Amino acid sequence: MSSGRRAAVALSLASLCFGGTASADWLVTRQGGRVETRGAWEVKGKLVVFHTPSGELASLRLTEVDLDASRRLTADAERARNAVAEVRRRPPEKKPSVRAITDKDVRRVDSAAPAGGPRLTVTGYERTPNTEAGSLVITGTLRNDSGAKVTALNLAVQLVGADGQQVATGEAVLTATDLDAGQQSGFRVEFPGSPPYSDVRFEPRGLAQKESEPPPASGGG
């Protein structure tokens with residue numbers, strides 16, 4: 001891969017997103033950018049070699065990549081996919097210790113987007129205690145209700161106390177950060193220590209692609 005191509009990849013890190021493949025891995029740069037890969041990436045000499053979600057062979061300089069952070073993010077994404085898949089597999093009647101939140105119960109969060117921003121909705125979520133780790137895990141789905149494609153998605157999750165004050169906040173790991181209109185992404189976030197709270201709030205963000213303007217009508221005559 002040429003140096004110009006690597007530079008183009010580096011400049012577009014923030015806009016790259018999950019392609020929805022179960023085998024997707026992640027690379028994290030030392031500047032904090034994220035790159036999705038199709039399948040596993042490899043360290044070859046002074047390069048980290050990988051395939052892009054579209055299947056193109058690409059690379060980054062090893063000095064540009066934080067390998068430990070890349071492994072952690074890849075593991076988090078895999079846990080998020082597994083958690084969402086497990087929730088979908090489990091029959092509701094066999095989860096007496098977990099409160100299932102339906103679309104009727106869930107807080108509508110599209111108003112959390114900035115004025116003029118995309119309309120994003122958490123359509124449902126579940127809260128599950130991780131007794132082994134002593135933490136609280138929240139999994140659910142985020143839907144794009146904008147009517148247009150949304151990219152660079154992220155989701156902040158807040159635990160709020162009875163007094164309305166924020167108790168804890170976390171950045172959810174999404175199974176997709178690029179959604180066409182009507183599509184959904186799974187998400188997972190874990191709060192260490194299982195902090196006491198009385199409500200959950202969501203703040204989704206993303207960049208909506210502007211729809212192309214219709215061509216001007218041709219003049220008569």
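Every number in this text was worked out from the coordinates using simple rules, so none of it is lab data. Just so it is clear, the structure is predicted and the values come from calculations on it, not from any experiment. Methodologically, a virtual Cβ is constructed for each residue, glycine included, from the backbone with ideal geometry; neighbour enumeration extends over all protein chains shown.
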Label-point gap, in nm, between residue 154 and residue 180 - each point 7 angstrom along Cα→Cβ: 2.7 nm
Residues whose placed amide H lies under 5 Å from that of residue 168, excluding near-sequence neighbours: 159
Taking the C-alpha atoms of region 163-213, convex hull volume expressed per residue in Å³: 115 Å³
17 Å reach of a label modelled at residue 145, 7 Å along Cα-to-Cβ, counting backbone N of region 185-201: 185-186, 201
Förster radius 35 Å - calculated FRET efficiency between residue 209 and residue 132 (Cβ-Cβ, nearest 0.05): 0.25
Region 157-168 - phi-based ³J(HN,Hα) in whole Hz, Karplus 6.51/-1.76/1.60, Gly and Pro as x: 10, 10, 9, 10, x, 5, 7, x, 8, 5, 9, 7
Sequence ranges 199-210, 65-76, ranked by mean other-Cβ count within 10 angstrom, highest first: 199-210, 65-76
